[in-house]
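Some notes on the structure that comes next.
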Amino acid sequence: MKISTKKIAYSGLFTALTAVGAFIRIPMPLVPFTMQTFFVYTSGSILGAGPGFMSQLVYLLLGLSGLPVFAHGGGPGYIFKPTFGYLLAYPLASLFVGKLINSIKLNKTTGYRVIFEMILVMFGGSVIIYFFGVIYLYINSIFIIHKKIPFLIALWSGFVIFIPVDLIKIFFASWLTLRVKRSVKIVL
């Protein structure tokens, strides 16, 4: 498979945007609100599955190599942080979103149906992120922190409270994707 310079540049852009999204945050007790997921969704939906996946994988590797691109720093020790499961899911969520968004026909006469389909796909990406995140948060509380939190608390603190904000991010990510794809015609 040939990787073009354009694909590398766009992937790098979304790697940087995801890093910036880590610093747009509202602190919470267990998991902070950040804008990272917005860029995870848009990396897959705008770039496509492969470049979106690569942008998030590079983001993950940069953070693990020691660059402080995660919400609370970086380095190999970050794998022991309770929120690392969310980061692990970013490449998979971007891949999922990219694969399914490409199957949506953007030339439909009504934008509402396209937006609705994109919202459903991105919500699926969100479920991937929160599934990995909540499971990792719960396991981390048992084996790393040694202060077990009840699973329902992990589910509430690591997923449920994020649903309203994530739905807003997903709506805007869907709208942005539709606008970009219809006007710019990015071909990767």
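The values are calculated or read from the model by the stated rules, or taken from the named source; none is laboratory data. None of these values were measured; they are calculated from a predicted model. Every residue, glycine as well, gets a Cβ built from its backbone with ideal geometry; the counts of neighbours run over all protein chains shown.
One residue is enough: does the stretch 132-151 have a residue meeting the conditions out of contact with any strand residue (DSSP E or B) (no Cβ under 6 Å at 6 or more places or on another chain), within 17 Å of residue 56 (Cα to Cα) and assigned to a helix (DSSP H, G or I)? Outline the logic, then answer.
Looking only at the stretch 132-151, we keep the residues that are out of contact with any strand residue (DSSP E or B) (no Cβ under 6 Å at 6 or more places or on another chain), and these are 132-151.
Within this subset, residues satisfying the condition of being within 17 Å of residue 56 (Cα to Cα) are 132-133.
Subset that is assigned to a helix (DSSP H, G or I): 132-133.
Yes: the stretch 132-151 contains one or more residues that are out of contact with any strand residue (DSSP E or B) (no Cβ under 6 Å at 6 or more places or on another chain), within 17 Å of residue 56 (Cα to Cα) and assigned to a helix (DSSP H, G or I).
So, in the stretch 75-93, how many residues would count as being on the phi < 0 side of the Ramachandran plot and either more than 13 Å from the chain's Cα centre (by Cα) or in a loop (DSSP other than H, G, I, E, B) (or both)?
Let us first name the residues in the stretch 75-93 that are on the phi < 0 side of the Ramachandran plot, namely 76-93.
Filter once more, keeping what is either more than 13 Å from the chain's Cα centre (by Cα) or in a loop (DSSP other than H, G, I, E, B) (or both): 76-83.
Residues that pass the stated criteria total 8.
Do we find that residue 15 is touching an Asp or Glu at 6+ places or on another chain (Cβ under 8 Å) and outside any loop (DSSP other than H, G, I, E, B) in this structure?
For residue 15, the condition - touching an Asp or Glu at 6+ places or on another chain (Cβ under 8 Å) and outside any loop (DSSP other than H, G, I, E, B) - is not met.
Checking the condition over 22 Å from residue 37 (Cα atoms) and modelled with pLDDT under 95, which residue from 161, 149 passes? Show your work before the answer.
Working: 161 fails: over 22 Å from residue 37 (Cα atoms).
Just a single option satisfies the conditions, and that option is 149.
Find the residue count for the stretch 33-68, including only residues that are more than 14 Å from the chain's Cα centre (by Cα) and assigned to a loop (DSSP other than H, G, I, E, B). If you could, list the steps in order and put the result at the bottom.
Kept after step one, since they are more than 14 Å from the chain's Cα centre (by Cα), are these residues of the stretch 33-68: 50, 61-68.
Still in the running and assigned to a loop (DSSP other than H, G, I, E, B): 65-68.
Summing the residues that are more than 14 Å from the chain's Cα centre (by Cα) and assigned to a loop (DSSP other than H, G, I, E, B) in the stretch 33-68 gives 4.
Please go through the stretch 152-178 and pick out each residue that is surrounded by fewer than 19 Cβ atoms within 10 Å (Cβ to Cβ), of a type in the set (Phe, Trp, Tyr) and either closer than 17 Å to residue 127 by Cβ or touching an Asp or Glu at 6+ places or on another chain (Cβ under 8 Å) (or both).
Correct list: 156, 171.
With respect to the numbered conditions (1) assigned to a helix (DSSP H, G or I); (2) without any contact (Cβ under 8 Å) to a residue 24 or more places away in the chain; (3) of a type in the set (D, E, K, R), which one is the sole condition not fulfilled by residue 105?
Only one criterion is unmet by residue 105, namely (1).
Given the conditions (1) without any contact (Cβ under 8 Å) to a residue 12 or more places away in the chain; (2) among the aliphatic types (A, V, I, L, M); (3) within 25 Å of residue 140 (Cβ to Cβ), which single one is not true for residue 64?
Among (1) without any contact (Cβ under 8 Å) to a residue 12 or more places away in the chain; (2) among the aliphatic types (A, V, I, L, M); (3) within 25 Å of residue 140 (Cβ to Cβ), residue 64 violates only (1).
Given the conditions (1) assigned to a helix (DSSP H, G or I); (2) touching a Leu at 6+ places or on another chain (Cβ under 9 Å); (3) over 19 Å from residue 18 (Cβ atoms), report the number of the one that residue 126 does not fulfil.
(3)
Does the stretch 4-11 include one or more residues that are crowded, with 18+ Cβ neighbours inside 10 Å, of a type in the set (Phe, Trp, Tyr), assigned to a helix (DSSP H, G or I) and touching a Phe, Trp or Tyr at 6+ places or on another chain (Cβ under 7 Å)?
No - not one qualifying residue is present in the stretch 4-11.
Please indicate, with yes or no, whether at least one residue in the stretch 76-85 is within 21 Å of residue 23 (Cβ to Cβ) and basic (Lys, Arg).
Yes - at least one qualifying residue is present in the stretch 76-85.
Mind listing whichever residues of the stretch 1-54 are at pLDDT below 90, out of contact with any strand residue (DSSP E or B) (no Cβ under 6 Å at 6 or more places or on another chain) and under 20 Å from residue 163 (Cβ atoms)?
27, 28, 29, 30, 31
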